[in-house]
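Only the coordinates and a few stated rules stand behind these numbers; no lab work does. None of the values given here were measured: they were computed from a predicted structure.
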Amino acid sequence: IEEEDEIEPDIIDEEIDEEEIFMIVENQPEFPGGNGALFNFINKNIKSPIPAIEMEIEGMVVVQFVVNKKGEINDVKIIKSLGGGCDEEAIRIVKAMPKWKAGRQRGKPVNVSFNLPLRFQFR
């Protein structure tokens, strides 16, 4: 009986497209200080939109943005709207964020799409 040598699969080192926007990566982007710091930042900086308060509009806004490979926030847009000024406030908060720790794929920083739900409650 002859022993067969184990055959190792070839590892393909795929090139990462510099401008590609990833949805899922090995290491997700991170707000400086983590999720707790993100929630503190939002709670400290969010302002209640007067029209939403007057019209008693409450609920969730979902903001989508890209954390680029430098940790900067780009391409901010609303993917679930609420109205009453809440959408504009959600965009303002996201644009006011400091740089994040960039997401990484195969050890390299990459552009990553990120969704952030923000709840507006006034009672």
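For this structure, a couple of remarks:
- Percentage of interatomic Cα-Cα distances in the stretch 30-78 larger than 13 Å: 72
- Ellipsoid equivalent to the stretch 20-116 - semi-axes via the Cα gyration tensor, in Å: 28, 14, 10
- Listed by chain and number, the lysines whose C-alpha is less than 16 Å from the C-alpha of Lys69, apart from same-chain residues fewer than 8 away, are Lys99, Lys101, Lys108.
- Computed over every Cα-Cα pair of the stretch 81-123 and binned at 10 Å starting from 0, the pair-distance distribution P(r) comes out as 21, 42, 25, 11, 2 percent.
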